[in-house]
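Contents: one structure, followed by commentary.
The values are calculated or read from the model by the stated rules, or taken from the named source; none is laboratory data. These numbers come from a predicted model, not from an experiment. FYI the Cβ positions are ideal-geometry reconstructions off the backbone, even for glycines, and counts take in every protein chain you see. Note: accessible area is taken over every heavy atom of the protein model, side chains too, but ligands, DNA and RNA are not part of it. Shrake-Rupley method; radii C 1.70, N 1.55, O 1.52, S 1.80 Å.
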Amino acid sequence: IKMAGTVGDFTGPAFELVEAGTITWFNFDLYDDFGLDFGGTGQHVLISGGPDFTAPFTIEAWVNPSNVGSGTIVGWDLDAGSGEYATFGFASGALQIYAEDGIYGGPFNDTQQTPILNWTHAAVTYNGAAFHFYINGKPTASGLPVGSVGGSPNNLYIGSRNGSAEFFRGIMDEVSIL
């Protein structure tokens, strides 16, 4: 995991690998590179805190989804207990950024489907004015969600919206938040 210029290896106190069911390291190529294999039923990585999402940012990951449905690549809560959150992931097989700021909420969806059972590089950037989706390095859509994604999160989740919903199903590697 790379976040704001640092690399986490799940050994520091800020990282917690949550095993609600089975989550495994998955060796997927000849170079001994390992990803996390999420079963879609409770598995996620919990990181306390996170970067300031009011500034420009990029979230990217190599993903190999195993179903066409929905699932979160990275989710963050903005105010504990308030219901304010944001996610970057999939909805009906296409990339989505979703924000719920306590007053307004809604998605911004890509129109291009992401292949299942294939490795895909998925990314979203925010330049301070709009979001831009990329699949395998090619721009696919630009726009804004209805709610605000800004603020510094209390918790950051990989593979889940908030530790209890919208779980990713498949393999994920090289998650980066910059």
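Results for (1) under 14 Å from the mean Cα position of the chain (by Cα); (2) under 13 Å from ASP77 (Cβ atoms); (3) modelled with pLDDT of 90 or more, shown as yes or no for each residue.
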{"position": "GLY128", "(1), (2), (3)": "no, no, no"}
{"position": "PHE133", "(1), (2), (3)": "yes, no, yes"}
{"position": "SER142", "(1), (2), (3)": "no, no, yes"}
{"position": "GLY151", "(1), (2), (3)": "no, yes, no"}
{"position": "ARG161", "(1), (2), (3)": "yes, yes, no"}
{"position": "ALA165", "(1), (2), (3)": "yes, yes, no"}
{"position": "VAL175", "(1), (2), (3)": "yes, no, no"}
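Given the condition of a type in the set (Phe, Trp, Tyr), at pLDDT 50 or above and open to solvent by 50 Å² or more (accessible area, probe 1.4 Å), answer yes or no: does some residue in the range 23-37 qualify? For the range 23-37, residues of a type in the set (Phe, Trp, Tyr), at pLDDT 50 or above and open to solvent by 50 Å² or more (accessible area, probe 1.4 Å): present. Scanning the range 49-88 for residues that are open to solvent by 20 Å² or more (accessible area, probe 1.4 Å), at negative phi and small (Gly, Ala, Ser) yields a total of 6. Of TYR98, TYR157, TYR85, TYR126, all but one fail to be touching a residue at least 40 places away in the same chain (Cβ under 8 Å), farther than 21 Å from GLY40 by Cα, in contact with a strand residue (DSSP E or B) (Cβ under 8 Å, 6 or more places away or on another chain) and among the aromatic types (Phe, Trp, Tyr); the exception is TYR126.
When the residues of the range 135-159 are filtered to those that are among the aliphatic types (A, V, I, L, M) and open to solvent by less than 60 Å² (accessible area, probe 1.4 Å), the one that is farthest from PHE53 (Cα to Cα) is ILE135.
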